[in-house]
Amino acid sequence: MGATITPNASAVDPGIAGKGYVHPEVLVSTDWLAEHLDDPSIRIIESDEDVLLYDTGHIPGAQKVDWHQDLNDPVLRDYVSSEQFQELLREKGIDENTTVVFYGDKNNWWAAYAFWVFQLFGFTNAKLLDGGRIKWEQEHRPFNTDLPRHKKTSYKAPKRSDEKIRAFFKEVREHSEKGKPLIDVRSPEEYTGQRTHMPDYPQEGTLRGGHIKGARSVPWARAANPDGSFKDAASLRAIYEHEKGLKKSDDIVAYCRIGERSSHTWFVLTYLLGYERVRNYDGSWTEWGNAVRAPIEKGPEK
């Protein structure tokens, strides 16, 4: 149940190859993307926490995917249907032969989230821009406000499959009761229960603070360098394996508050370290912290 990469996405960027990842083909450097801005086989997708940011300027040729409006069902707490996903990709000029490169703000939180949702629909011809929007900006690379238009495709989306990479409340509770690895990627204050939200963020309706019983605390940002790029594989293994004792064969569930930060960690474990069974619990703390009689622990990691 490990990562699956399609042939179209198999080429490895030389700027990424030296970092030691199991699947280096899922990342591209800013140099690589700058050289491929006019490649007709590539679609660049910006997905941000700040959904207004794209309109202020974006990488030339990039199209916007709004994580809230484009990927989430407007009524159910769930993702869009296969038909809605299919129409989204058709309108963006994407089909099975297109390589999609995601990037965004917040060190690619929501870009990783969009990447993860695309995987739910079996769209594996996808990559992340290492460092995301902030690295591109720090390197003084171009932005514009043009809105690209592409010929509509006839892409056919398969039925969405959640089993391999998505976890639900009941499954997570059973996972915890069996003592299987849970990774809480929130801030230390959220983990201990001192806060129910990130510093400088609003309260999102969670009634109880703390963490899921048995969860280990590995804040998502530990996997990133100051410029937003991912740390090399050796540094990542030092965190997840030497410090936290994880193994590639472990059955792991990652969670945060609403699923975006844990998508980042899911990406790290699944693709950069090659772990075989990692699921993202997108219900995360906004569900768990509100669920009646859900087991909660407070305080530092035991």
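The values are calculated or read from the model by the stated rules, or taken from the named source; none is laboratory data. Bear in mind that the values here come from a model prediction, so they are computed numbers and not experimental data. No Cβ is skipped: glycine too gets one built from the backbone with ideal geometry, and neighbour counts run over all protein chains shown. Keep in mind that these areas ignore ligands, DNA and RNA; they rest on the heavy atoms of the full protein, side chains included. Shrake-Rupley method; radii C 1.70, N 1.55, O 1.52, S 1.80 Å.
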Q. Relative contact order for the chain: what is it in percent, counting Cα pairs under 8 Å that are at least 6 residues apart?
A. 21 percent
(Q) Taking 0.36 nm per residue of sequence separation and subtracting the Cα-Cα distance, how much length would be gained by fully extending the chain between residue 241 and residue 144, in nm to one decimal? (A) 30.8 nm
Q. Expressed as a rounded percentage, what relative contact order does region 164-302 have, with Cα pairs under 8 Å and six or more residues apart?
A. 34 percent
Q: Taking only protein heavy atoms into account and a 1.4 Å probe, give the accessible area per residue of the chain in Å².
A: 44 Å²
Q) Once amide H atoms are built 1.01 Å from N in the peptide plane, which residues 5 or more positions from residue 195, or in another chain, come under 5 Å H to H? A) 190
**Q.** Farthest positive-ward along the chain dipole, Cα basis, beta-carbon charges - from 80, 263, 238
**A.** 238
Q.
For the pairs 106/244; 180/244; 170/298; 19/64; 164/248; 178/213, flag any whose C-alpha to C-alpha distance is greater than 19 Å.
A. 106/244; 170/298; 19/64
Q) Quick one: if the Förster radius is 35 Å, what FRET efficiency do residue 39 and residue 178 give, using the C-beta to C-beta distance and rounding to 0.05? A) 0.15
**Q.** Packing-based ranking, highest mean first, of 81-88, 41-48, 293-300, 184-191 given that Cβ atoms within 10 Å are counted
**A.** 184-191, 41-48, 81-88, 293-300
(Q) Using only DSSP helix segments of four residues or longer, with each worth -39500 (n - 2.57), what per-residue ellipticity at 222 nm results for the chain after dividing by its residue count and rounding to 500? (A) -6000 deg cm²/dmol
Q: May I ask you to compute the full-extension gain from residue 31 to residue 227, defined as 0.36 nm times their residue separation minus their alpha-carbon distance, rounded to one decimal in nm?
A: 69.1 nm
(Q) Give me the extension gain from residue 292 to residue 250: residue separation times 0.36 nm, minus the current Cα-Cα distance, reported in nm with one decimal. (A) 12.2 nm
Q. Looking at the chain, what % of the alpha carbon pairs are farther apart than 34 Å?
A. 17 percent
**Q.** Peptides ranked, highest mean first, by Cβ atoms within 10 Å: ranges 230-237, 284-291
**A.** 284-291, 230-237
